[in-house]
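Every number in this text was worked out from the coordinates using simple rules, so none of it is lab data. None of these values were measured; they are calculated from a predicted model. In this analysis, Cβ positions are derived from the backbone assuming ideal geometry, glycine residues included, and neighbour counts consider all displayed protein chains.
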């Protein structure tokens, strides 16, 4: 009986290790981040979409190629506030904590979110606003803002569940430009500064470097194999005693 208990315990431990590894990998893959705002914050949406003070979840719905799709959800993750188009933004030094940057606003006005950096990553997400609102923000901040066609603003509030939905595909294919307070289009480098040449490869390798060790399938498969053998030996001992 002791061998049976040992075998069952080993099997359960294998399942726990597998579940933990899958969870860790998922969080690193989609950059799930819980953020609490002490005051109202504007995010890309229809018009001036403002989130009240509270706790929200930021995560990547899609991070392929040069465009990323970021979603903002409530704390329980059962309601999507915004599905946002973003492009990579680089910083020279990574931090151990989540960093959110905002556009300067007048006192008493909700700050408009500009970029989101996941812990330990030098590449972050620079948010793109519908053009009409981007020009308004440019006037308020007196600096260029990334913009996409205003007619796609409705796509930002669609509660998309996958990157294959038509509204999300339209966002990924939308033209992006940087606009000044006058509405004049300028180079996007006036908003998002390109990284140094020697850092150009960081974007493609950073996600692999940031994965926790438990996210690698080889050590996990080896551990599960070992635990399975141990469980088999335990059950084998039981069968001999029973038969």
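Where a ≥ b ≥ c are the square roots of the eigenvalues of the C-alpha gyration tensor, would you call region 111-182 rounded, which needs a/c under 1.5, or, failing that, prolate if a/b is larger than b/c, or oblate?
Numbers: a/c = 2.17, a/b = 1.20, b/c = 1.81.
Oblate, since a/c reaches 1.5 and b/c is not below a/b.
How long are the three semi-axes of the equivalent ellipsoid for region 31-211, computed from the Cα gyration tensor as the root of 5 times each eigenvalue, in whole Å, largest first? The partial results should precede the final answer.
Working: eigenvalues 96, 81, 62 Å².
The answer is 22, 20, 18 Å, longest axis first.
In whole angstrom, note down how far apart the Cα centers of region 126-143 and region 173-187 are.
Each part reduced to its Cα centre gives a spacing of 9 Å.
When a footprinting reagent is the concern and you count Cβ atoms within 10 Å, what order do 123, 29 take, fewest first?
By the 10 Å Cβ count, ascending, the order reads 29, 123.
Counting other beta carbons within 10 Å of each Cβ, put 56, 118, 129 in order, fewest first. Present the calculation step by step, with values, prior to reporting the outcome.
Numbers: 56 19, 118 26, 129 31.
Taking fewest neighbouring Cβ atoms as first place, the list is 56, 118, 129.
Using a/c under 1.5 as the rounded threshold, could you call region 28-78 rounded, prolate or oblate? The axes a ≥ b ≥ c are square roots of the C-alpha gyration tensor eigenvalues, and prolate needs a/b larger than b/c, oblate otherwise.
On the way: a/c = 2.47, a/b = 1.39, b/c = 1.78.
It is oblate, given that a/c is not under 1.5 and a/b is not larger than b/c.
I need 82, 38, 120 ordered by Cβ neighbour count within 10 Å, fewest first. Kindly include the intermediate steps, with their values, before the conclusion.
Details: 82 22, 38 7, 120 13.
Exposure proxy ranking, most exposed first: 38, 120, 82.
In nm, give the distance between the simple-model label positions of residue 91 and residue 77, each being 7 Å from the Cα along the Cα-to-Cβ direction.
Taking the two extended label points, one gets 2.3 nm.
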